[in-house]
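Take a look at the structure below.
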Amino acid sequence: MERAALAHQVLDVCLGLKDSKKLWIDTWNHALELASYLGSEADRRGYPLLLTTKSEEEWFHSLIEGPLEAFEHVPPQQAAALEETDAFVFTLGPSHPIPWNRVPAGRHKAATIWFLEDNSFVKEWMAIAMRRRVRMLGLEATLATPARAQALSLEPEAWSEAMLEGCMADYREVADRGLALAPLLGGTEEVHVTSPHGTDLRFRLDRRRVIVNDGLATEEKAAHGQVVFLPAGDLEVTAEEESAEGVVVYDQPIHSAGGAIERLTLSLSEGRIVKAEANIGLEVFERQVREGEGDMDRFAFFGFGLNPRLRHGFTQDDKVLGGLTIGFGRNRDKGGMNRANRDWWASMTQATVTVGGRIVMEAGNLPV
């Protein structure tokens, strides 16, 4: 992929920068070359630029035994820089999976990577960012590293190519598709999901907030502290958690650090998983649920993929156009009622979805 095309997508389309807006790019050292190129393109457009980088090795060492103050509060230098920033771009990392077993348990919550964490650093950061209406964009594509690919049993070059390709979707078209679909999911109708692979699930909507992740960092999102990630392209909504009844069959392989899962089948009653089967990796799924806290076995949300440039088989299955995602566990961050410390989701293909008897998606095709 041409870096110039990616720079245009990030700076001009997704951030919509103009009029000499001040840009801050923060990067892990493994993505410095890409960040530097984005910076040079910002310079060429006349945007005042701050480029900062952090070392993976030093960051991890500090997380293990450095002063917690550096992780719990926004340093005055960073706060001052954020006060003078209109748009903040950050790369996702580090390049290696974080060995959390080596991090003292009391320090896990202090780590800020996504700027979505529930810790004091993020709260202080967001207070400034929302007041200043800073547009925030995270490049999730930079997670596609050889070390992380090995941990997920993925081919690194293919994964990286797929992630970058997904960044190049027409996000205005993605936004239009999401905005057309969202009103159909804001009521109290029954949803029925079927697929040729065996899925037959019913649940009820509950006037919950519909979330469209369209890759566009608008001023409205900035005012609410909403971070945009690339690649993007999905719609999510929680539903009445205890209403889910039936069977869910994930026909696509599921890649995780714990191992691969193939053809996972879940039976639900009153919103709870009562039976789980899989051709491969059932113990991986059961361990992930067991190691979570609270309502990890409870139906949480569903969503539609909206990105036509992504494809199944990597780590963005929830965003692939035509895919349908069913999730469990934590959903309070999406407007739900479950009490859990994490969520778990996977996607299926060729699903047909009806809402109140109206076909919304047929055999994986979204007509809206």
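Please treat every number below as a calculation from the coordinates, not as lab data. All values derive from a computational prediction rather than experimental measurement. In this analysis, Cβ positions are derived from the backbone assuming ideal geometry, glycine residues included, and neighbour counts consider all displayed protein chains.
Quick look at the numbers
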item: Listed peptides 82-94, 108-120, 12-24 by packing density, highest first (mean Cβ within 10 Å); result: 82-94, 12-24, 108-120
item: Set of lysines near K54 by C-alpha distance (under 26 Å), chain-local residues within fewer than 8 positions excluded; result: K21, K22, K109, K123
item: Spatially proximal aspartates and glutamates relative to K18 (Cα-Cα < 19 Å; intrachain offsets below 8 disregarded); result: E41, D43, E83, E84, D86, E219, E220
item: Centroid-to-centroid separation of the range 268-309 and the range 38-112 [C-alpha atoms, Å]; result: 32
item: Cα-based Rg / Dmax (Å) for the range 91-131; result: 12.0, 37
item: Value of Rg to Rh for the chain (Rh from inverse mean 1/r over Cα pairs, i.e. Kirkwood); result: 0.96
item: DSSP-defined beta bridges in the chain - what % are antiparallel, rounded to 5; result: 70
item: Whole-number D in µm²/s for the range 1-113 (Stokes-Einstein; Kirkwood sum over Cα pairs; 4 °C, 1.567 mPa s); result: 83
item: Burial order of peptide ranges 242-251, 194-203 (average beta-carbon count within 10 Å, highest first); result: 242-251, 194-203
item: Helical contribution to [θ] at 222 nm, DSSP H n ≥ 4, -39,500 (n - 2.57), averaged over the chain, rounded to 500; result: -7500 deg cm²/dmol
item: Backbone HN-Hα couplings from phi across the range 11-24 [Karplus 6.51/-1.76/1.60, Hz, Gly and Pro as x]; result: 7, 8, 8, 6, 8, x, 6, 6, 6, 6, 5, 8, 10, 10
item: Sequence-separation-based contact order of the chain, relative, with Cα cut under 8 Å and 6+ spacing, percent; result: 13
